[in-house]
Amino acid sequence: MNVQPTIKPSPQYSEVTKVTTGAFGVHDTLRNGQGHALSHADNAHPVELMQKQTKVSQKQLRLQMLRDVQGLHAPMRLTTERALISKPLHHMPCITTSNIALETFDNTDEFIDYTDYLNDPRDAPEMGDPHIMMEYKLKM
């Protein structure tokens, strides 16, 4: 069941990004990567806001329908499972991970969109010694 988005979306602004600075008060590009131009944008396009609101309202509608049909336990169980699956795994910084369990749970593993081939973390240049990267992560 699809939920139609509102005609005029409420304005939302992008999240404030955390500026990472090195020892000299400057962004550490080698360890933290280059800054993204989109992360500093103030306003998003109205269509993007409508898409985000539609996804959220569809999830809420599905959970409400599940609650009406199966009872209160079903949406609570699904919400708990999703929260457990979506927790980030703490690996070494030089090892990339994919959250295939969350994709399977959300049923997005069967669809190909731009996030599957653009900005893949496995394609990012990971330079450096794993020992140095681990020491930096653990602040040793």
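Quick check: anything in segment 89-99 in a helix (DSSP H, G or I), loosely packed, with under 11 Cβ neighbours inside 10 Å and either of a type outside the set (Lys, Arg) or modelled with pLDDT of 85 or more (or both)?
No: zero hits.
Which pairs do you get when a residue that is farther than 29 Å from residue 137 by Cβ, found in segment 64-93, comes within reach of a residue that is assigned to a loop (DSSP other than H, G, I, E, B) and at pLDDT below 95, reach meaning Cβ atoms under 8 angstrom, with the pair 6+ apart or on two chains?
Taking only residues 6 or more apart or on different chains, the pairs are 65/1.
Would you be able to say whether some residue in segment 29-47 is at pLDDT 80 or above, part of a helix (DSSP H, G or I) and charged (D, E, K, R)?
No, every residue in segment 29-47 fails to be at pLDDT 80 or above, part of a helix (DSSP H, G or I) and charged (D, E, K, R).
Report yes if residue 72 is surrounded by 11 or more Cβ atoms within 10 Å (Cβ to Cβ), hydrophobic (A, V, I, L, M, F, W, C), modelled with pLDDT of 75 or more and not assigned by TED's automatic domain parsing to the domain that holds residue 134, otherwise no.
On the way: surrounded by 11 or more Cβ atoms within 10 Å (Cβ to Cβ): no; hydrophobic (A, V, I, L, M, F, W, C): yes; modelled with pLDDT of 75 or more: yes; not assigned by TED's automatic domain parsing to the domain that holds residue 134: yes.
Spelling it out, it is not the case that residue 72 is surrounded by 11 or more Cβ atoms within 10 Å (Cβ to Cβ), hydrophobic (A, V, I, L, M, F, W, C), modelled with pLDDT of 75 or more and not assigned by TED's automatic domain parsing to the domain that holds residue 134.
The values are calculated or read from the model by the stated rules, or taken from the named source; none is laboratory data. Keep in mind that what you see is a predicted model, and the values were worked out from it rather than measured. Methodologically, a virtual Cβ is constructed for each residue, glycine included, from the backbone with ideal geometry; neighbour enumeration extends over all protein chains shown.
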